[in-house]
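One structure is given here, and the rest of the page talks about it.
The values are calculated or read from the model by the stated rules, or taken from the named source; none is laboratory data. This one's a predicted model, so the numbers in the text were calculated from it and none came from an experiment. Cβ coordinates were reconstructed from backbone atoms using ideal geometry, including for glycine residues, and neighbour counts include every protein chain displayed. Surface areas here come from the heavy atoms of the whole protein model, side chains and all, with no ligands, DNA or RNA. Shrake-Rupley method; radii C 1.70, N 1.55, O 1.52, S 1.80 Å.
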Amino acid sequence: MNENENKQHMEDEVKSFKKQIAPEVFISNIVTIGLFFLSFYDYLPWKIAVNQRQKQLSLKHRYIFTLQLTFIDILPLLICIFVVFNRRRQTYAIDPMDPRGKKFVKRLKGILSNTFEQCVVKIILSFILCTILHSNELILLPTFTFLFVIGRLTFALGYPTHRSFVLY
């Protein structure tokens, strides 16, 4: 019995420690991602070069530009898939027919489902918007992509109680 109490005490200490360092981990991840984007700014797809002789980008170039941005749009979806896979692999949820595993992945499946739906809508609307905007206005697409990724992050952190912003 003493061994079980020690194990429970250690688990409680680990949980409290994780809660203490969670804000620091979150901030360090944001800073790391920001530094990554700044260091690779010239290689990311939002650098648009328009010929001096040509005032507008062709439709083909607009679609290529939008397609290059979709890899950033898909990142939250891939992260959600990996998180659900990892949780399934470590719990009873590895067997989808086992009812004991549903509680382990219910929240994560909701986040994954919503992220997939929003990603499809965002990609379709990006392709529609790239045909409407002028060449010098295409910088809005990376801005919307950045806002989309931030929105997915805040949704995942606040789901299911606070779906729009993290309000703990």
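Report the extension gain between LEU75 and ARG107 in nm, rounded to one decimal, defined as 0.36 nm multiplied by the number of residues separating them, less their alpha carbon distance. Before the final figure, lay out the partial values.
Working: separation 32, 0.36 × 32 = 11.52 nm, distance 1.92 nm.
That pair, LEU75 and ARG107, stretches by 9.6 nm at full extension.
Residues of the range 1-15 falling in the label zone of ILE21, defined by backbone nitrogen less than 19 Å from a point 7 Å along Cα to beta-carbon, are 9-15.
Heavy-atom accessible area, probed at 1.4 angstrom with all protein chains present, ranks ILE124, ILE21 as ILE124, ILE21, highest first.
Taking +1 at the Cβ of each Lys and Arg and -1 at the Cβ of each Asp and Glu, which of ASN136, GLY158, TYR92 sits farthest along the dipole of the range 86-165 towards its positive end, judged by Cα position relative to the Cα centre? Farthest towards the positive pole: TYR92. Sorting VAL84, VAL121 on solvent-accessible area from highest to lowest, probe radius 1.4 Å, gives VAL121, VAL84.
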